[in-house]
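Q: Before anything else, here's the structure in question.
Read the figures in this text as sums done on the coordinates, not as results from a lab. Treat the numbers as computed from the prediction; the structure is a model and nothing was measured. Every residue, glycine as well, gets a Cβ built from its backbone with ideal geometry; the counts of neighbours run over all protein chains shown.
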Amino acid sequence: MDRDDHSASVISSAISTRTSDSGPVSVTPPSTTASRRRRSGTPTATKTFVLDTNVLLHDPACIHRFAENHICIPVDVLSELDRFKNEMTERGANAREVHRALMKIFSNKGASVTTGVPTDGGGSIRVAVYDPAEARKHASVQGFERIFHDLDKADHRILACTLWMSEQMSSPVILVSKDLNMQLKARAVGIECEDYLHDKVEPREVANFDIARVEISQHELQRFASSGCLTLPETRTVGMVVNDYALLIAGDKATMPAKLSANGEFVRLHHTPESIKVGQGRAIKPMNLGQACFLDALLDPEISLVTCYGMAGTGKTLLAVAAALQQVFNRTYHGLTVSRPIVAMGQTVGFLPGSLQEKMRPWLQPVYDALDLLMRPMEGMPQGPARKKNRFMPEPQQQIAAPAAPYDPLIQQGVIEIEALCYIRGRSIPDRFFIMDEAQQLTPLEAKTIVTRMSRGSKLVLVGDPAQIDNPYVDSRSNGLVYTRQRMRGQTFAAHVPLVKGERSPLAEAAARLL
């Protein structure tokens with residue numbers, strides 16, 4: 001048997017037995033104990049959750065979310081937080097928030113940092129100081145150090161601390177981490193590990209991007225077509241909430257789109273126009289059911305928050321900008337504000353020169369493309385391919401001013417505003433149509449910051465594709481877009497529309513589905 005196999009057998013046997021004064025005692029793994037309690041109907045014992053650094057940086061309020069269970073923070077986690085506290089980023093702000101929250105908890109008279117302080121839910125919170133000399137008395141820790149002998153790494157010390165605590169306690173000890181590699185290491189040495197699930201939506205929330213289908217009779221469809229409303233029993237609308245869109249189906253070809261109103265009845269889409277045209281630009285028509293429902297939500301004055309999922313090429317950004325410009329020109333809103341998270345795909349070209357608008361332009365180029373498409377007049381456009389400039393042409397003839405974009409005056413007047421997320425904290429945004437493009441790159445805390453900036457008379461539209469995430473701190477179930485949709489679901493001022501069919505081109509749609 002080689003060294004690795006021997007070490008693995010040592011740690012495996014050490015985890016299955018616990019030493020005591022009377023000799024080895026058989027121990028049932030915590031997960032097995034918990035499952036037996038659930039099967040027998042007895043209440044599940046409280047657990048001890050060891051929090052990794054990334055959990056605290058992800059949600060500083062997580063220390064209040066474990067109810068009657070106990071929370072343990074290894075002292076090495078505090079050392080890692082200390083590295084980030086001076087950063088002028090969201091991560092740095094979260095690290096400082098954690099420090100303030102812990103100081104408030106442990107500042108009460110008589111409170112002990114290492115013994116623990118009771119929490120409101122009936123549990124406790126404490127800081128654990130890992131003592132290698134004391135921990136090595138346990139065979140499981142000795143086996144752990146044979147596998148992960150590099151204890152200079154904070155991750156390894158946190159794992160060792162968790163294993164040491166599990167040897168001291170009879171109740172389950174669970175490591176909570178958002179680091180997938182950390183979870184794999186923990187499971188490799190027999191440590192029970194979980195992801196932080198408080199702000200994660202259920203898998204079904206992001207599994208289906210289609211609009212609901214509701215089967216009705218021919219008579220009910222005729223009544224809906226004539227009256228514009230239809231009431232159905234709750235058993236036929238299970239899972240639907242206010243402002244959810246549906247396709248009413250009666251037979252093979254008889255269908256009509258509808259929206260579930262606040263009083264529980266289906267109503268027609270009153271706000272979907274045949275087309276949208278801004279100034280002298282081209283007309284934009286909804287090309288499918290999803291786009292028609294999306295336009296209805298964008299143009300409904302009673303809806304102030306719209307979330308939209310859709311793969312590339314489904315028209316999310318174009319329709320949002322078109323609806324915004326039409327309402328700004330009709331003076332429903334005082335202006336349009338657009339923003340986007342600054343998260344690059346792959347390597348970047350480095351720092352960008354110029355003003356804020358010039359720095360943001362590469363990130364917001366899809367929005368500029370939509371503005372140009374919607375506002376540039378169709379007539380008078382140059383015919384044929386563009387010719388390259390002759391580099392031997394005399395200098396005075398080369399310097400021909402490029403024509404201004406049709407939206408440039410609106411930007412100069414402040415009607416169209418480019419907002420950088422790093423400057424949005426503390427703002428109050430009234431009477432504006434706010435579009436957050438690529439919202440799936442947001443963290444839940446960033447999404448909350450944006451939503452809470454909206455004042456009376458404003459409308460917020462969050463669009464994105466949960467399948468296209470470049471932010472390393474979120475995934476398809478924990479990003480700000482799906483988090484906002486799940487938490488705001490059922491509010492009378494909120495609506496959600498999924499877009500499935502791509503309209504950019506057959507090639508783009510096939511690529512989005514197959515690649």
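Q: Run the quick spin-label model on Asp210 and His270: label points 7 Å from Cα toward the beta carbon, then report their separation in nm to one decimal.
A: About 3.0 nm, to one decimal.
Q: Contour minus end-to-end for Thr231 and Glu87, with contour as 0.36 nm per residue of separation and end-to-end as the Cα-Cα distance?
A: Residue separation times 0.36 nm, minus the Cα-Cα distance, leaves 46.4 nm.
Q: So how far apart, in nm, are the two label points at Met488 and Ala262 if each is 7 Å from Cα heading toward Cβ?
A: Modelled inter-label distance: 1.6 nm.
Q: Here's another thing I want to ask about it. When ranked by the protection proxy of mean other Cβ atoms within 10 Å per residue, highest first, what sequence do the peptides 304-312, 483-491 form?
A: Sorting 304-312, 483-491 by mean packing, highest first, produces 304-312, 483-491.
Q: Which parts of segment 293-313 would a label at Leu514 reach, counting a residue when its backbone N lies under 19 Å from a point 7 Å out along Cα-to-Cβ?
A: Label zone hits: 311-313.
Q: Okay, next question. Subtract the Cα-Cα distance of Asp431 and Ile411 from 0.36 nm times their separation in residues, and report this length gain in nm to one decimal.
A: Gain in length upon complete extension: 5.5 nm.
Q: Using modelled amide H (1.01 Å from N, peptide plane; none on Pro or chain starts), what sits under 5 Å from the amide H of Gly335, excluding residues fewer than 5 places away?
A: Hits under the 5 Å cutoff: Phe433.
Q: Let me know the shape class of segment 204-267, please: from the alpha-carbon gyration tensor, a ≥ b ≥ c as square roots of the eigenvalues, rounded when a/c is under 1.5, otherwise prolate if a/b is greater than b/c, or oblate.
A: Judged from the Cα gyration tensor, segment 204-267 comes out oblate (a/c at least 1.5, b/c at or above a/b).
Q: Taking 7 Å along the Cα-to-C-beta vector as the label spot, tell me the Ser79-Asp470 distance in nanometres, rounded to one decimal.
A: Here the modelled spin labels are 3.5 nm apart.
Q: Quick one: Cα centre-to-centre distance for segment 241-295 and segment 461-481, in angstrom?
A: That distance is 26 Å.
Q: Quick one: which of Lys85/Lys459; Lys109/Lys448; Lys109/Lys137; Lys253/Lys459; Lys285/Lys459; Lys253/Lys285 span more than 24 angstrom between C-alpha atoms?
A: Lys85/Lys459; Lys109/Lys448; Lys109/Lys137; Lys253/Lys459
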